[in-house]
1. Mind listing whichever residues of segment 71-95 are in contact (Cβ under 8 Å) with a residue 40 or more places away in the chain and over 9 Å from the mean Cα position of the chain (by Cα)?
2. With Val59, Val28 as the choices, which residue is on the phi < 0 side of the Ramachandran plot, part of a loop (DSSP other than H, G, I, E, B) and touching a residue at least 24 places away in the same chain (Cβ under 8 Å)?
3. Going through segment 60-75 one residue at a time, which ones are within 21 Å of Val35 (Cβ to Cβ) and near the ligand (Cβ under 7 Å from one of its atoms)?
4. Just need a number here: residues in segment 76-96 that are within 7 Å of the ligand (Cβ to nearest atom), surrounded by fewer than 18 Cβ atoms within 10 Å (Cβ to Cβ) and over 16 Å from Val59 (Cβ atoms).
5. Are there any pairs, at least 6 apart or on different chains, whose C-beta atoms fall under 8 Å, with the first in segment 31-52 and in a strand (DSSP E or B) and the second basic (Lys, Arg) and surrounded by 15 or more Cβ atoms within 10 Å (Cβ to Cβ), and if so, which?
6. Which residue is surrounded by the most Cβ atoms within 10 Å (Cβ to Cβ), if the candidates are limited to segment 20-59 and must be of a type in the set (A, V, I, L, M, F, W, C) and closer than 12 Å to Arg101 by Cβ?
7. Can you report the number of residues in segment 73-117 which are at pLDDT below 95, aliphatic (A, V, I, L, M) and part of a loop (DSSP other than H, G, I, E, B)?
Amino acid sequence: MEVETGCHSEQMDRRIRDHPILGPLDSVREFPILVDGHTLIAREGEPILATLWAHGIRVTGRTPKRSRPRSLFCGIGHCSDCLVTVDGHPNVPSCTTPVRRGMQVETGEAVDAAPSL
Ligand code: FES
């Protein structure tokens with residue numbers, strides 16, 4: 001049985017088709033990336049955050065004092081709410097950084113490099 005949702009199946013996969021900074025993302029070439037030790041399938045050209053969201057991962061980090069979840073806020077690389085660690089480099093904005101083949105991404109506590117007060 002099919003459920004009518006009013007959305008095209010293309011829209012249902014939660015992938016970004018046109019990014020305000022990265023531009024149109026027409027590629028359907030896919031490759032694996034490693035996120036917190038798990039293999040996820042990424043689409044060439046899409047930002048890291050799009051890959052995370054496509055796989056149901058919403059939290060990219062936590063606040064240092066209260067451990068509140070952080071994720072997509074501005075979506076254009078200005079707010080720092082979506083920072084992750086990429087290939088050992090901390091504080092990479094996942095909303096504007098395109099995925100690369102073989103990339104290793106870490107979310108969570110590792111993304112906050114701010115000293116505790
Ligand atoms: S969501 Fe604001 S920098 Fe990524």
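The values are calculated or read from the model by the stated rules, or taken from the named source; none is laboratory data. Keep in mind that what you see is a predicted model, and the values were worked out from it rather than measured. When we count neighbours, we look across all protein chains shown, and the Cβ atoms used for this are built from the backbone with ideal geometry, even at glycine.
1. Passing the criteria: Gly75, Ile76, Gly77, Val92.
2. Val59
3. Correct list: Leu72, Phe73, Gly75.
4. Residues flagged as within 7 Å of the ligand (Cβ to nearest atom), surrounded by fewer than 18 Cβ atoms within 10 Å (Cβ to Cβ) and over 16 Å from Val59 (Cβ atoms) within segment 76-96 amount to 3.
5. Going by the 8 Å Cβ cut-off, the qualifying pairs are Arg43/Arg15.
6. Once the filter is applied, the top-ranked residue is Ala42.
7. Residues meeting the conditions: 4.
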